[in-house]
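So the structure is just underneath, and the comments pick up after that.
No lab work stands behind these numbers, since they all come straight from the coordinates. No experiment lies behind these values; they were computed from the predicted model shown. Glycine also receives a Cβ, built like all others from the backbone with ideal geometry; neighbour counts cover every protein chain displayed.
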């Protein structure tokens with residue numbers, strides 16, 4: 001199979017030509033990295049046909065990041081090696097979504113074994129349940145909480161990737177940073193998506209580092225196609241390349257992060273010790289795997305709510321289908337009956353999520369096992385609550401013998417994130433979801449103590465905690481703020497296997513806050529239940545329900561279906577629902593990859 005490269009010019013998808021140029025000799029790497037031609041990328045919805053490859057495939061949210069992973073694999077790297085290179089480039093070219101100032105969950109299938117790594121951010125030792133309240137006892141607005149030093153969690157991405165590389169890497173650690181260092185030094189072209197997000201974000205201009213690197217003297221975002229360089233990030237990544245995780249978790253970087261967090265007008269408590277102590281732990285966790293129909297679907301355990309929620313939704317629908325015979329998919333769309341069942345299952349799932357899920361170091365699972373929420377008899381009981389009409393708001397169930405004492409988590413926004421799916425020529429597969437939470441995180445940047453222009457964005461992950469420690473009845477909330485605790489996440493990186501043979505089937509995931517759960521469930525259903533290829537499954541219209549109004553993607557559903565759902569009692573809201581799904585599936589002669597038409601990602605491979 002010949003190598004396929006694609007680009008987008010305006011709304012037209014055309015072939016991406018890779019122009020190989022010599023790297024400067026000062027780049028100390030065995031990887032002969034070449035900066036590819038950088039097309040101007042369209043925003044909005046751009047049709048993508050999918051990519052078929054024979055040996056390997058890399059799917060990421062930006063063409064430069066995808067290309068970095070591609071070149072690493074061509075140099076002999078593994079899927080984990082490629083994921084590290086992709087993440088470092090995303091820090092530079094997609095700074096609104098993820099980066100070294102955030103956290104990530106990584107799943108990998110390597111030599112017949114399954115591994116999971118938790119690089120979730122962590123609250124500092126000085127955090128407490130009242131930190132998002134004013135002195136007068138009033139809760140800060142959500143926007144004020146996000147744009148504050150209090151929102152910043154201890155970054156986890158580099159420490160986690162360092163451990164994953166030691167277990168699954170093929171190239172030297174230092175080689176994996178060559179693409180990002182080269183691009184940071186020589187520059188890349190600002191894409192329409194990045195330009196639009198920079199222009200729209202007023203708060204980012206308040207940060208001196210961001211103002212100097214992203215905006216002109218009039219405060220306008222640098223125009224599309226402008227060459228953006230980031231000398232500070234290049235220096236930081238060079239130190240990490242040379243020293244491993246110690247190049248990031250050291251006194252220079254930690255002091256700069258702590259200073260910027262503590263000197264903010266709404267300061268946080270993070271200290272140098274908080275940051276430098278973070279790597280002193282293992283990031284390896286037990287992957288959660290559950291059978292669904294003829295497949296085994298694997299994901300992250302808590303503090304991620306993603307896998308449990310995806311599998312609850314799919315499992316409740318499966319149980320409901322046992323006693324109710326209806327067509328699920330017709331004329332390239334899910335049917336009204338299936339959509340109704342999905343929304344009701346989602347309400348039941350999100351009711352459980354709001355009550356039970358939190359950091360397992362602080363929160364005991366119901367019935368002493370997170371798998372209790374996925375037990376087939378429990379899901380069957382939950383499915384019995386679905387009728388022909390909307391149930392309105394669902395209440396949490398009880399998979400154990402007692403009633404949970406936790407309070408109900410209040411609804412609050414979740415945004416941001418990026419996803420990477422990779423399969424290498426050796427059969428190693430990766431599904432990695434990575435985040436700084438909101439677009440541009442806390443709107444605080446750090447130059448890592450380099451004193452150079454640029455740097456990286458600090459996350460606002462601590463607003464993924466419940467900002468109130470107690471519910472209206474005075475009960476403690478499982479996902480409340482506590483020192484050294486990880487906030488609940490919706491990230492749902494997934495690896496799928498044949499339940500009978502154990503063979504790899506697919507890697508999939510998405511950004512999108514709490515909607516990640518719905519985007520991932522949609523793609524899994526499309527690929528595995530409706531016999532769609534990865535691109536067709538990703539292209540399906542998006543929909544979501546969080547135990548409140550139903551949300552459907554604007555201009556993607558026929559009015560007849562909408563009216564039928566309303567007649568069943570659903571309160572429907574129309575929204576853009578901008579997913580960023582990436583998926584790679586095994587096919588007879590290789591792999592087939594898909595990238596979300598709602599964003600600028602691509603798939604590359606041979």
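A few notes on this one:
- Percentage relative contact order, the stretch 434-571, counting C-alpha pairs under 8 Å, at least six apart: 11
- Remark: spin-label model distance residue 387-residue 503 equals 4.6 nm, labels positioned 7 Å along the Cα→Cβ axis.
- Relative packing of 86-98, 274-286, which averages over residues the other C-beta atoms within 10 Å, highest first: 86-98, 274-286
- Packing order of peptides 288-300, 461-473, highest average first: 461-473, 288-300 (average count of other Cβ atoms within 10 Å over each peptide's residues).
- Subtracting the Cα-Cα distance of residue 572 and residue 243 from their residue separation scaled by 0.36 nm leaves 113.2 nm.
- Inter-label distance for residue 138 and residue 554, nm, one decimal - labels placed 7 Å from Cα along Cα-to-Cβ: 3.2
- The stretch 77-122 - Kirkwood radius from inverse mean 1/r over Cα pairs (Å): 11.7
- Placing pseudo-labels 7 Å out from each Cα toward the beta carbon at residue 265 and residue 395 gives an inter-label distance of 4.5 nm.
- Dimensionless Rg/Rh of the stretch 176-309 - Kirkwood Rh, Rg from C-alpha atoms: 1.07
- Cα-only Debye scattering, the stretch 451-540: base-10 log of I(q)/I(0) at q = 0.20, 0.22 Å⁻¹: -0.94, -1.03
- Taking the centroid of alpha carbons for each part, the stretch 235-253 and the stretch 57-94 are 20 Å apart.
- Remark: 350, 188 ranked as 188, 350, counting other beta-carbon atoms within 10 Å and listing the fewest first.
- Protection proxy ranking, peptides 336-344, 393-401, average beta carbon neighbours within 10 Å, highest first: 336-344, 393-401
- When the helices of the chain are scored as -39500 (n - 2.57) per DSSP H run of n ≥ 4 and the total is divided over every residue, the value at 222 nm lands at -8500 deg cm²/dmol.
- Panel values: the chain, Kirkwood radius from alpha carbon pairs, Stokes-Einstein at 10 °C and 1.306 mPa s, translational diffusion coefficient 66 µm²/s.
- Its relative contact order, with pairs defined as Cα atoms under 8 Å and 6+ residues apart, puts the stretch 273-320 at 24 percent.
- Percentage relative contact order, the stretch 288-395, counting C-alpha pairs under 8 Å, at least six apart: 32
- Pairwise centroid distance, computed over Cα atoms, of the stretch 149-187 with the stretch 302-351, Å: 37
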